[in-house]
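> Have a look at the structure that comes next, please.
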Amino acid sequence: MQMTEKRDVLIKEWLKEAATEIKEALQHDLEVEVKSRANDLVTQMDRKIEKELVQKINQHFPNDLIISEEGFGDHVSREDFEQQTVWFLDPIDGTLNFVLQNENYAVMLAVYEKGIGKQAYIYDITHNKLYWGIKDNGVYCNDQPLPKMKDLPLDKGLFASNSMFLSDQQVSFNAEITKRAMGVRTIGSAGLESVELTKGSTVAYVSYGLKPWDIAPGLFLVEENGGVVTQFDGSRVDLLNTNPTIMATPTAQKEITKLLS
Ligand code: 2AM
Ligand code: CA
Ligand code: CA
Ligand code: CA
């Protein structure tokens, strides 16, 4: 069996196990802690799920490295990233939704070999939908292939962002993009926003300061399905750093970089 297929079978099994645990935890009180500010939260489930997935990855793939949010992963140098197999793991993307809504959060994994994306998984647990893809094999929702994205401009679709970007009064480009689009949507999960774009439900998602584990799974699915992921200036995102990020159709990405420059 090819390495991507071996990983695919295991990842799907592990995500199912994570989903069962998370659903069970929602029957009880969550232990919520504040991180950098009042709306930056972590729960015991973020930590537990990350710890368990890190253990499983290490057990089956002891030579691989892991970049993850809650501190159980590895320090990965640029040289490591270019030469080794690196997993990106966000145990719960959309923790604020997890705590306040009990929905609109996802468990996310992506695997890159020598810096190149091989496969990614974004599991919308509440809605029982696993969005996944393997390089050159298209993107699926559970067992259904998703149609390729249409290359629509901003004025033919919905623009997605987050509250920090939309409420930034230091800049005018957010208002300009908002006016040009048919409407604005915000879910509060970078991963599920990448899924909306991949499905063709939006034409762009823009956010400040996304971390490697926020970007890597969505980047893979968006690009695999015909979209583009860049920084605000149009340069490629750096998966070892925090990035101001545009995920969009090729045409909307060009419009947005022009408005942002
Ligand atoms: P998280 O829930 O895994 O922290 C919310 O707009 C989106 O941005 C979520 O995907 C969230 O991921 C991500 N994000 C990245 N950095 C964040 C931060 N410092 N505070 C809150 N959300 C952050
Ligand atoms: Ca977080
Ligand atoms: Ca995240
Ligand atoms: Ca997270």
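> Take the residues in the range 202-245 that are part of a strand (DSSP E or B) and surrounded by fewer than 18 Cβ atoms within 10 Å (Cβ to Cβ), then tell me which one is nearest to ligand 3 (Cβ to nearest atom).
The first filter runs over the range 202-245 and keeps only residues part of a strand (DSSP E or B), leaving 204-210, 228-231, 236, 243-245.
Filter once more, keeping what is surrounded by fewer than 18 Cβ atoms within 10 Å (Cβ to Cβ): 208-209, 231, 236, 244.
Details: Y208: 13, G209: 11, Q231: 18, R236: 20, P244: 15 Å.
Only one residue fits best here, namely G209.
> Among the residues of the range 59-68, is there at least one that is part of a strand (DSSP E or B), within 23 Å of L239 (Cβ to Cβ) and of a type outside the set (A, V, I, L, M, F, W, C)?
Yes.
> Out of the residues in the range 112-145 that are among the hydrophobic types (A, V, I, L, M, F, W, C) and out of contact with any helix residue (DSSP H, G or I) (no Cβ under 6 Å at 6 or more places or on another chain), which is surrounded by the fewest Cβ atoms within 10 Å (Cβ to Cβ)?
Among those that are among the hydrophobic types (A, V, I, L, M, F, W, C) and out of contact with any helix residue (DSSP H, G or I) (no Cβ under 6 Å at 6 or more places or on another chain), it is I116.
> Now for a different question. Residues that are among the charged types (D, E, K, R) and either within 16 Å of the chain's Cα centre (by Cα) or modelled with pLDDT under 95 (or both): does the range 181-190 have at least one?
no
> Given the condition touching a helix residue (DSSP H, G or I) at 6+ places or on another chain (Cβ under 7 Å), surrounded by 23 or more Cβ atoms within 10 Å (Cβ to Cβ) and within 24 Å of S194 (Cα to Cα), answer yes or no: does some residue in the range 47-62 qualify?
Within the range 47-62, one or more residues are touching a helix residue (DSSP H, G or I) at 6+ places or on another chain (Cβ under 7 Å), surrounded by 23 or more Cβ atoms within 10 Å (Cβ to Cβ) and within 24 Å of S194 (Cα to Cα).
> Any idea which residue in the range 93-118 is farthest from ligand 2 (Cβ to nearest atom), counting only those that are out of contact with any Lys or Arg (no Cβ under 6 Å at 6 or more places or on another chain) and among the β-branched types (V, I, T)? Walk me through it before giving the result.
Of the residues in the range 93-118, the ones out of contact with any Lys or Arg (no Cβ under 6 Å at 6 or more places or on another chain) are 93-110, 112-117.
If we keep only those that are among the β-branched types (V, I, T) as well, we get 95, 99, 107, 116.
Working: T95: 5, V99: 11, V107: 13, I116: 26 Å.
Applying the filter and picking the extreme gives I116.
> Report, by residue number, each residue of the range 208-231 that is within 16 Å of ligand 1 (Cβ to nearest atom) and either more than 14 Å from G117 (Cα to Cα) or among the small types (G, A, S) (or both).
Answer for the range 208-231, where residues must be within 16 Å of ligand 1 (Cβ to nearest atom) and either more than 14 Å from G117 (Cα to Cα) or among the small types (G, A, S) (or both): Y208, G209, L210, K211, D214, A216, G218, Q231.
> Hey, does the range 21-38 have a residue that's over 14 Å from P217 (Cβ atoms), part of a helix (DSSP H, G or I) and not charged (D, E, K, R)?
yes
> Moving on. Give just the number: which of (1) farther than 22 Å from F72 by Cα; (2) among the acidic types (D, E); (3) within 16 Å of ligand 2 (Cβ to nearest atom) does D90 not satisfy?
It is condition (1) that D90 fails.
> Here's a follow-up. Scan the range 160-191 for residues that are of a type in the set (A, V, I, L, M, F, W, C) and in contact (Cβ under 8 Å) with a residue 60 or more places away in the chain and jot them down. Write out each step before concluding.
We begin by selecting, within the range 160-191, every residue of a type in the set (A, V, I, L, M, F, W, C); these are 160, 164-166, 171, 173, 175, 177, 181-182, 184, 187, 190.
F173, I177, I187, A190, listed by residue number.
> Among F81, F88, which is the only one that is within 12 Å of ligand 4 (Cβ to nearest atom), on the phi < 0 side of the Ramachandran plot and surrounded by 14 or more Cβ atoms within 10 Å (Cβ to Cβ)?
Values: F81 fails: within 12 Å of ligand 4 (Cβ to nearest atom).
Exactly one of F81, F88 is within 12 Å of ligand 4 (Cβ to nearest atom), on the phi < 0 side of the Ramachandran plot and surrounded by 14 or more Cβ atoms within 10 Å (Cβ to Cβ), namely F88.
The values are calculated or read from the model by the stated rules, or taken from the named source; none is laboratory data. Owing to the predicted nature of the structure, the values given are computational and were not obtained by experimental measurement. In this analysis, Cβ positions are derived from the backbone assuming ideal geometry, glycine residues included, and neighbour counts consider all displayed protein chains.
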